[in-house]
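Peer 1: Can you keep this structure in mind? I'll have questions shortly.
The values are calculated or read from the model by the stated rules, or taken from the named source; none is laboratory data. Remember, it's a predicted structure, so these values are computed and weren't measured experimentally. Every residue, glycine as well, gets a Cβ built from its backbone with ideal geometry; the counts of neighbours run over all protein chains shown.
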Amino acid sequence: MDKREIVTRFADAGFLVHHQVVDYINECGGSGVIEGIIFSLPVGTMVVTPKDVPAMTLLRTDRLDVGVSRTPEILFGRDGSSVPIADPESSYAMFRDRYDSLANMMRGRVNPIPIEALVKTSNRFMDQQIGLIGMVTTTSTSSNGHRMVEVEDSTGSIKLLFNKNRDGFADAEAIVPDEVIGVKGQLARNNTATTGRNNMATNQLVFADTLFRPDIPLTNTISPSKESGKAVFISDIHVGSNTFLSEAWDRFSAWMQTRDDIGYLLIAGDVVDGIGIYPDQDKELDIKTIYEQYDRVGELMAALPERLKIIISPGNHDAVRAAEPQPALPEEFRGNFPANVTFVENPSIVNIQSVNGLMYHGRSIDDLIKFIPGASYTRPGEIMEAMLKRRHLGPIYGERTPLLSTDKDGLVIRDVPDIIHTGHVHISDVISYRGVLGINAGTWQSQTSFQKQMNITPTPAEAVVVDLSTLAYEKFCFIN
Ligand code: D5M
Ligand code: FE
Ligand code: ZN
């Protein structure tokens with residue numbers, strides 16, 4: 001059923017309908033669904049909203065029953081699991097895996113035709129709607145302001161035109177290199193098409209009507225823990241820097257002693273400032289060696305309540321290779337850390353009391369901000385949403401985020417997380433997108449000279465506390 005039909009059916013029965021409900025039925029329901037919804041509407045309803053659709057609001061109950069473990073389980077990114085492959089061939093394998101896994105999330109909605117068929121036998125597909133799925137190779141803007149995108153699959157490549165006057169143009173403008181998109185539209189008539197001869201792929205053009213992304217299913221609902229428990233989310237401590245806010249940290253540490261209800265602390269990277277990360281960094285360091293920096297972090301962790309389960313993943317200032325996925329912090333730096341700390345890779349998926357937290361430092365946020373019109377360092381929440389829509393933590397290859405060539409693309413968001421936890425931009429922001437809680441956790445460092453140049457004003461010394469039994473959050477600030 002298309003959206004207009006859905007709206008008309010409700011209108012015929014005397015109801016207005018919320019667009020999310022329309023999307024839901026469009027994607028998941030047949031006509032019988034509408035009758036079912038109308039049948040169970042409370043008397044006096046005028047507008048049908050998501051809360052009137054049980055499947056859109058019910059908590060998922062398929063995962064957990066009795067006896068929730070309090071020990072975090074590392075589902076992905078366990079120490080030692082990342083396998084670097086230097087063979088250049090494997091970069092092909094990685095992109096192939098990215099295409100396949102993301103295309104599979106859209107196939108049912110798009111009904112893709114292989115690009116080679118669209119190009120070589122275009123006559124067959126004239127005057128009808130066609131679907132395709134491709135990885136973006138280039139994006140540009142035409143002289144008339146339309147969005148031009150070239151995509152490829154394993155069979156060929158083709159150009160897409162997104163008309164600037166169409167609904168949803170903003171989504172098309174936000175198409176970034178190397179993401180995987182689906183499109184429905186019409187093949188343009190041209191010489192290749194009319195003669196039917198095999199011609200150059202790049203001549204073929206699709207007028208795009210609808211853009212699809214792998215996205216989070218509309219049916220996704222929040223699935224909190226069945227047992228009470230709380231977790232704190234922080235990031236970017238930058239111990240060793242002369243801008244590390246040690247007094248604010250001490251207040252946080254003392255406060256943690258009073259919070260028996262908090263069982264977990266998750267830290268999304270840049271726990272130290274590191275050495276040699278940027279030119280003349282040593283002038284801004286209070287602690288000048290990497291070992292002493294980690295020893296100090298170990299002391300800070302040991303001063304926190306022993307019952308806490310602490311999970312630490314690395315960032316671009318940590319003493320591990322920069323290429324992502326990044327391995328867990330090596331043993332040689334862990335000497336001073338207490339036993340309640342678990343080191344994981346970047347990214348990682350940590351299951352705490354049945355709640356899945358996807359931890360990712362967020363270096364790709366720099367790249368996504370550069371390529372998404374209107375994106376800003378002040379709103380990293382929008383970038384987390386962009387990651388969830390693309391089901392990828394850092395699609396753009398060859399910019400600031402170094403990506404490791406591995407058989408499987410380690411940055412694909414294969415399973416829908418309950419929480420995505422990032423850092424890196426030093427500005428805290430919390431969002432909720434289709435039932436996923438997004439937390440960018442800020443920093444424990446005041447504005448650095450680099451950020452001053454970049455005009456970035458951090459939001460330091462904040463901690464986000466999430467109640468695992470409701471997935472509600474609270475922010476606490478420790479500046480005075
Ligand atoms: O990143 C701290 C902040 O600085 C964060 O807002 C990103 C920004 N940053 C870091 N490196 C770059 C580059 N190369 N270009 C633009 N912006 C950047 P941190 O990882 O803590 O240094
Ligand atoms: Fe940082
Ligand atoms: Zn960083």
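Peer 1: Conditions first: (1) part of a helix (DSSP H, G or I); (2) closer than 21 Å to PRO373 by Cβ; (3) in contact with a Phe, Trp or Tyr (Cβ under 9 Å, 6 or more places away or on another chain). VAL149 passes all but one, so which condition is the exception?
Peer 2: The failed condition is (1).
Peer 1: Can you name the residue in segment 319-344 that is charged (D, E, K, R) and either assigned to a loop (DSSP other than H, G, I, E, B) or away from ligand 3 (no atom under 16 Å from the Cβ) (or both) and, of all such residues, is farthest from the chain's Cα centre (by Cα)?
Peer 2: Once the filter is applied, the top-ranked residue is GLU332.
Peer 1: Further, regarding this structure: On the basis of being modelled with pLDDT under 95, within 16 Å of ligand 1 (Cβ to nearest atom), of a type in the set (A, V, I, L, M) and more than 19 Å from ASP429 (Cβ to Cβ), does ALA319 make the cut?
Peer 2: Here the answer is no, as ALA319 does not meet what is asked.
Peer 1: Can you tell me which residue among VAL425, VAL464 is under 23 Å from VAL350 (Cβ atoms) and more than 16 Å from ligand 1 (Cβ to nearest atom)?
Peer 2: Step by step, each of VAL425, VAL464 is checked, and only VAL464 is under 23 Å from VAL350 (Cβ atoms) and more than 16 Å from ligand 1 (Cβ to nearest atom).
Peer 1: Check segment 355-365 and report whether any residue there is within 14 Å of ligand 3 (Cβ to nearest atom), under 30 Å from THR141 (Cα atoms) and surrounded by fewer than 20 Cβ atoms within 10 Å (Cβ to Cβ).
Peer 2: Within segment 355-365, not a single residue is within 14 Å of ligand 3 (Cβ to nearest atom), under 30 Å from THR141 (Cα atoms) and surrounded by fewer than 20 Cβ atoms within 10 Å (Cβ to Cβ).
Peer 1: Now for a different question. Would you call LEU211 surrounded by 17 or more Cβ atoms within 10 Å (Cβ to Cβ), within 16 Å of ligand 2 (Cβ to nearest atom) and assigned to a strand (DSSP E or B)? Can you show your working first?
Peer 2: Details: surrounded by 17 or more Cβ atoms within 10 Å (Cβ to Cβ): yes; within 16 Å of ligand 2 (Cβ to nearest atom): no; assigned to a strand (DSSP E or B): yes.
No.
Peer 1: Name the single residue that is nearest to ARG334 (Cα to Cα) among those in segment 269-289 being within 15 Å of ligand 2 (Cβ to nearest atom) and outside any loop (DSSP other than H, G, I, E, B).
Peer 2: VAL272
Peer 1: Let me ask you something else. Against the conditions (1) modelled with pLDDT of 95 or more; (2) more than 23 Å from the chain's Cα centre (by Cα), where does ASP87 fall short? Just the number, please.
Peer 2: Here ASP87 clears every test but (1).
Peer 1: Keeping to segment 294-328, report how many residues are free of Cβ contacts under 8 Å to residues at least 40 places away in the same chain and β-branched (Val, Ile, Thr).
Peer 2: 1
Listed here are the residues, each with its yes/no results for (1) surrounded by fewer than 20 Cβ atoms within 10 Å (Cβ to Cβ); (2) within 16 Å of ligand 3 (Cβ to nearest atom).
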residue: ASP261; (1), (2): yes, no
residue: VAL271; (1), (2): no, yes
residue: TYR278; (1), (2): yes, yes
residue: VAL297; (1), (2): no, yes
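Peer 1: Answer with yes or no whether THR401 is polar (S, T, N, Q), within 16 Å of ligand 3 (Cβ to nearest atom) and on the phi < 0 side of the Ramachandran plot.
Peer 2: Working: polar (S, T, N, Q): yes; within 16 Å of ligand 3 (Cβ to nearest atom): yes; on the phi < 0 side of the Ramachandran plot: yes.
Yes: the conditions hold for THR401.
Peer 1: A follow-up question, please. Just checking, which of THR155, THR141 is surrounded by fewer than 18 Cβ atoms within 10 Å (Cβ to Cβ), touching an Asp or Glu at 6+ places or on another chain (Cβ under 8 Å) and farther than 19 Å from PRO214 by Cβ?
Peer 2: THR155
Peer 1: Please specify each residue of segment 299-318 satisfying the condition of being within 16 Å of ligand 3 (Cβ to nearest atom) and either among the aliphatic types (A, V, I, L, M) or in a helix (DSSP H, G or I) (or both).
Peer 2: The answer is ILE312, and nothing else.
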